[in-house]
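**Q** Here it is, the structure in full.
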């Protein structure tokens, strides 16, 4: 097998066509699309793509980021809910030879498509990513959702009607072009990160630039729920053909009692199904609303591949305890809830002392 490493912007038209063909044959998740890799490549200097080929044709692509000491991570690491090769699941591949060609000591992953056989020996654990399957249309989806969680759906629909009565007629825009609405979403999300003790992703200029670029080019789909003409919740997702990936949901805290996030998710699913979307991948995580909304899932894996090197050893010593702790929290709802409360308490204490969030 031949392996050529290039920067994302060096991909030619023929390579991009082959990438899209391979993606359609496997899982058309937007995080696995060439558009996402090309976008990340504009803002991350370590972004690379390994192009895999045999004597006849290109057999796959491996997008990744190379960091100091040859530490490798998936393209857009920290922002992605689906990672790995763009290639047939059973591709015969020497993974350590791939790392050597990419000048990597280690490649770590946390949302790898678990079906990719080449990486199976390196899985530390596998989990399921929740999905809203809309292949039968929204009406069928909602009917099944009522059967699974009748109280939840009834409550959300009640709050939706109450919001319309008390705040004004509800309208929903599935694909909002106005960059001002994107900035509003990012402000809401930053406030949520600070309020809950999380790291504010939108404090990173490259992430802001990436999100703005994806929205401007159409890969990012911004959806907005309004009451009486006023935005009350919004969601930025990524779309690749019939598949969407949930990414950044947020809402105006003034309307929190109406559960505008849940109302917005159901409105989004309805609008997405009408626009030809058959699947919304909601991402790994311990949020209870994902269990309420999902009606399908697919397996993802966490782990690392390493070549024998001092850099790989140092990386393992540093990262292994953190990874084990994070995995334990995500795997147990009770631990997740307690960790969530601790982070929120920490955030309140920081605000109380005037410390910058």
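All of the numbers you see were taken from the coordinates with simple rules; none came from a lab. Since we're looking at a predicted model, the values are computed, not measured. Cβ sites come from the backbone with ideal geometry, for glycine too, and all protein chains shown count toward neighbours.
**Q** In whole Å, how far is the Cα centre of the stretch 10-83 from that of the stretch 184-260?
**A** 25
**Q** Helix 260-274: angle to the longest alpha-carbon principal axis of the chain, degrees 0 to 90, nearest 10?
**A** 70
**Q** Expressed as an acute angle from 0 to 90° and rounded to the nearest 10, what is the orientation of the C-alpha long axis of helix 179-195 relative to the principal long axis of the chain?
**A** 90
**Q** Here is a follow-up. Specify the residue with the greatest mean-square fluctuation among 160, 136, 15, computed from a Gaussian network of the chain linking alpha-carbon atoms under 10 Å apart.
**A** Of the options given, 136 has the highest mean-square fluctuation.
**Q** Report relative contact order for the chain in percent, whole number only (criteria: Cα-Cα under 8 Å, sequence separation at least 6). Write down the numbers at each step before the final one.
**A** On the way: 617 pairs, mean separation 78.2, N = 357.
Contact order relative to length: 22 percent.
**Q** Cut-off is 10 Å between beta-carbons; in what order do 141, 158, 172, 64 appear when sorted fewest neighbours first?
**A** Values: 141 21, 158 12, 172 17, 64 26.
Ranked by crowding around the Cβ, least crowded first: 158, 172, 141, 64.
**Q** Hey, another quick one. If you take every DSSP beta bridge fully contained in the chain, what fraction is antiparallel? Give it as a percent rounded to 5.
**A** Working: 52 of 58 bridges.
About 90 percent, rounded to the nearest 5.
**Q** What's the exposure ranking of 82, 102, going from fewest to most Cβ atoms within 10 Å? Can you show the working numbers first?
**A** Numbers: 82 24, 102 18.
By the 10 Å Cβ count, ascending: 102, 82.
**Q** If I compute Kirkwood radius over Cα pairs in Å from the structure I just sent, which labelled value in (i) 21.6; (ii) 23.3; (iii) 20.0 lines up?
**A** Among (i) 21.6; (ii) 23.3; (iii) 20.0, the one calculated here is (i).
**Q** Relative to the longest principal axis of the chain, what angle (0 to 90°, nearest 10) does the C-alpha long axis of helix 13-25 take?
**A** 60
**Q** Now, a different point. Testing the spin-label approximation: label points 7 Å from Cα along Cα→Cβ at residue 7 and residue 57. State their distance in nm.
**A** Calculated label separation equals 3.0 nm.
**Q** Let me ask you something else. Over the stretch 136-277, what is the relative contact order in percent, taking alpha-carbon pairs closer than 8 angstrom and at least six residues apart? Don't skip to the end; give the middle numbers.
**A** Working: 182 pairs, mean separation 39.6, N = 142.
Across the stretch 136-277, relative contact order equals 28 percent.
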